[in-house]
1. Any lysines with Cα under 17 Å of the B:Lys16 Cα? List them, leaving off those in the same chain fewer than 8 positions away.
2. In terms of modelled amide H atoms, which long-range or inter-chain residues lie less than 5 Å from the amide H of A:Val50?
3. Can you work out the base-10 log of I(q)/I(0) for the range A:7-75 at q = 0.12, 0.20, 0.21, 0.29 1/Å, using the Debye formula on its C-alpha atoms alone?
4. Can you list the residues, at least 5 places off or on another chain, whose amide H is less than 5 Å from the amide H of A:Val78, using H built in the peptide plane?
5. Across the Cα atoms of the range B:137-262, what radius of gyration and what greatest pairwise Cα-Cα distance (Dmax) are found, in Å?
6. Can you compute the radius of gyration and Dmax for the protein assembly as shown, using only the Cα atoms, both in Å?
7. Kindly provide the helix-only [θ] at 222 nm of chain A, computed as the sum of -39,500 (n - 2.57) over DSSP H runs of four or more divided by all residues, to the nearest 500 deg cm²/dmol?
8. Nearest 5 percent is fine: what portion of the DSSP beta bridges confined to the range A:7-75 is antiparallel?
Amino acid sequence: MKKHAKAHIHIKFFATLSKLTPGSAEHFPIDPGITVLDLFKQLEVPVDEVKLIFVNNKKGELTTELQGGERIGVFPPVGGG
Amino acid sequence: MKEDMIKEIKTVAVPKKMPDGTSYHSISVEQTTTLANRFNVRDLTVEISALEADIVPERYSRNMKTYSTQDQATLLKSMVSVVGLGGLGGAATEILARSGVGTLNLIDGDTFEESNLNRQFFCTQDLLLKSKAGAAKRRVNEINSSIVVQQHNEFLQENNVVRILENSDAVIDCLDNLNSRFLLEGATKKAGIPLVSAAVAGVSGHVTSIFHQDQGLRLIYGEPERLPQKGAETSLGCLPQAVTIMAALETSEVIKILLKKGNVLRNRLLIVDLTDHTMEVLDLL
């Protein structure tokens, strides 16, 4: 078995960040053990525009580690009405 | 006096059937007003007395079953403040008026402009440059003249927020900028009033309910000092379908809070994205 077998996550960007959604968003390959920040660097996400990160329906952080199988949601600040 | 009125309500009430065949006794809008004039009380008082005698004001008949007559009376005895009468606030006010929330405290210092026409229910071409709070009051009176409306043509500020929100049983945040939302939250927490807050950008949005001991908006936006004034809506605008669904979700939360029934979104965020039908509840803690 390879040391860094690929795993997959589901990633969804909301509102202004939705343009960053990769083509394979529902089955996006990652190296297990990477952080949310690593993922954002890979996808060229402007981190200062991110307000809320969800990992599996719970609030996550840039330092949250991903093992594969997670669902990630990313929100910019939203305040309209 | 009250006994006389209840006796009279029972006399004029007529037997009716719900669409499913359930029998009930009903009084009409016209009968309500006639009795209110005769006994020199508000229409609201007649409706509450009727419900307490298990007689349904016909205007609320399709609320019944989901609400008991006691629930409907509780709504009529409640006061909700709607802060911001634009997209979210217009739709929320309309729903609360039709639901029969007895006192609506409507707050907005703004006037309508053309760019409001896409989503703000009370904004019509005739009312451009006119007061949003004034338009909201007129609309509520047209829908349900039993409702007591308190109109505030002013923006919430540090020095008026306590006075304006006084006696509210719940407050709905229908504001359009991030700083004012924190000002409002601070005041509702201090006063111990539950707050329901929603925000929209484009066709997505989120909603949560905040009680005074909860961390509240900080769980969503972080510390207010580090926030921009506006969010993603600056570039995405606000679409009427998104604003209206978020306003509907806010009123659903408020009604659960008023009736002390059901599962409220405390420390949780309901997120909506109409592009792909996302509707999920996320844990903020």
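Nothing in this text is a laboratory measurement; each read-out follows from the coordinates by a stated rule. Being a predicted model, the structure only gives us computed values, none of them experimental. Glycine also receives a Cβ, built like all others from the backbone with ideal geometry; neighbour counts cover every protein chain displayed.
1. B:Lys65
2. none
3. Taken in order of the listed q values, log10 I(q)/I(0) reads -0.24, -0.72, -0.80, -1.74.
4. HN-HN under 5 Å from A:Val78: B:Ala232.
5. 15.0, 44
6. 23.5, 87
7. On the way: 1 runs with 7 residues, N = 81.
Taking each H run of at least 4 residues, the total per residue is -2000 deg cm²/dmol.
8. Details: 10 of 14 bridges.
Just about 70 percent of them are antiparallel.
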